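Student: Below you'll find the structure I mean.
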Amino acid sequence: VPGSDKRAVLAALVGHLKLPRGVNREGLLQIIMAREQLGSTGIGEGIAIPHARNPIVMRVPKPMLLLGLLERPAQYAAVDRKPVHSVFLVITPTTRSHLHILSRLGYILQDRGIRELLERGAPAERILNSMGELESRIPGPAKTG
């Protein structure tokens, strides 16, 4: 993904989304940028997870998660003040799916191996396969009765 600053990176990512016909990409970008004004979604270690604070604003039929590996690290006002190299853009149709994706992504990104793959800019297929493998090991809800 090209871009030397947060807005340029996010605009490029929004441009890559497969959105339903009639969705205003510039409007979506404005929603994401408004969320960034509340606090940076740069979580540290070169990773950002931009997402709209109110996902219901976006009328999409199913959750979308887009991984963007940046051509060059970009300033993003991350919590650790380091440039960002990997951006996970989250667009969801409901608050429940929004929170579900953010929690699973947060769990997966705790894995040092995944963070190293992202930092190295490993092939997307390898990153996604490794993330899928790790996700398959996330414990489900406790069973009762």
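The values are calculated or read from the model by the stated rules, or taken from the named source; none is laboratory data. Predicted model only: the values in this text are computed from it and were never measured. Cβ atoms come from the backbone with ideal geometry, glycine included; neighbour counts cover every protein chain shown. Heavy atoms of the whole protein, side chains included, go into the accessibility calculation; ligands, DNA and RNA do not. Shrake-Rupley method; radii C 1.70, N 1.55, O 1.52, S 1.80 Å.
Student: Looking at region 88-110, which of its residues are aromatic (F, W, Y) and either open to solvent by 10 Å² or more (accessible area, probe 1.4 Å) or outside any strand (DSSP E or B) (or both)?
Tutor: The answer is Y107, and nothing else.
Student: Also: For a quick check of your reading of the model, give me the residue pairs whose first member lies in region 110-139 and is in contact (Cβ under 8 Å) with a residue 60 or more places away in the chain, whose second is open to solvent by less than 90 Å² (accessible area, probe 1.4 Å) and in a helix (DSSP H, G or I), with beta-carbon atoms closer than 6 Å and at least 6 apart or on different chains.
Tutor: Between residues of region 110-139 that are in contact (Cβ under 8 Å) with a residue 60 or more places away in the chain and residues that are open to solvent by less than 90 Å² (accessible area, probe 1.4 Å) and in a helix (DSSP H, G or I), the close pairs are I127/L117.
Student: Mind counting the residues in region 10-54 that are without any contact (Cβ under 8 Å) to a residue 40 or more places away in the chain, on the phi > 0 side of the Ramachandran plot and open to solvent by 30 Å² or more (accessible area, probe 1.4 Å)?
Tutor: Qualifying residue count, region 10-54: 1.
Student: Taking P61, is it touching a residue at least 12 places away in the same chain (Cβ under 8 Å), open to solvent by 40 Å² or more (accessible area, probe 1.4 Å), more than 21 Å from S40 (Cβ to Cβ) and in a loop (DSSP other than H, G, I, E, B)? Working first, answer last.
Tutor: Working: touching a residue at least 12 places away in the same chain (Cβ under 8 Å): yes; open to solvent by 40 Å² or more (accessible area, probe 1.4 Å): yes; more than 21 Å from S40 (Cβ to Cβ): yes; in a loop (DSSP other than H, G, I, E, B): yes.
Taking the combined requirement at face value, the residue satisfies it.
Student: Applying the selection to region 87-110, what residues are farther than 14 Å from M131 by Cα and either in contact with a Cys (Cβ under 9 Å, 6 or more places away or on another chain) or of a type outside the set (A, V, I, L, M, F, W, C) (or both)?
Tutor: Within region 87-110, T92, P93, T94, T95, R96, S97, H98, H100 meet the criteria.
Student: Taking the residues in region 65-82 that are part of a loop (DSSP other than H, G, I, E, B) and more than 26 Å from G132 (Cα to Cα) as candidates, determine which candidate is nearest to the chain's Cα centre (by Cα).
Tutor: Y76
Student: Would it be correct to say that G3 is farther than 19 Å from V60 by Cα and not in a helix (DSSP H, G or I)?
Tutor: The answer is yes for G3.
Student: Checking the structure you have, find out if any residue of region 1-9 is in contact with a helix residue (DSSP H, G or I) (Cβ under 8 Å, 6 or more places away or on another chain), closer than 23 Å to I114 by Cα, in contact (Cβ under 8 Å) with a residue 40 or more places away in the chain and surrounded by fewer than 18 Cβ atoms within 10 Å (Cβ to Cβ).
Tutor: The answer is yes; a qualifying residue exists.
Student: Can you name the residue in region 75-87 that is farther than 14 Å from E119 by Cβ and in contact (Cβ under 8 Å) with a residue 12 or more places away in the chain and is also least open to solvent (accessible area, probe 1.4 Å) among such residues?
Tutor: Filtering first and then ranking leaves Y76.
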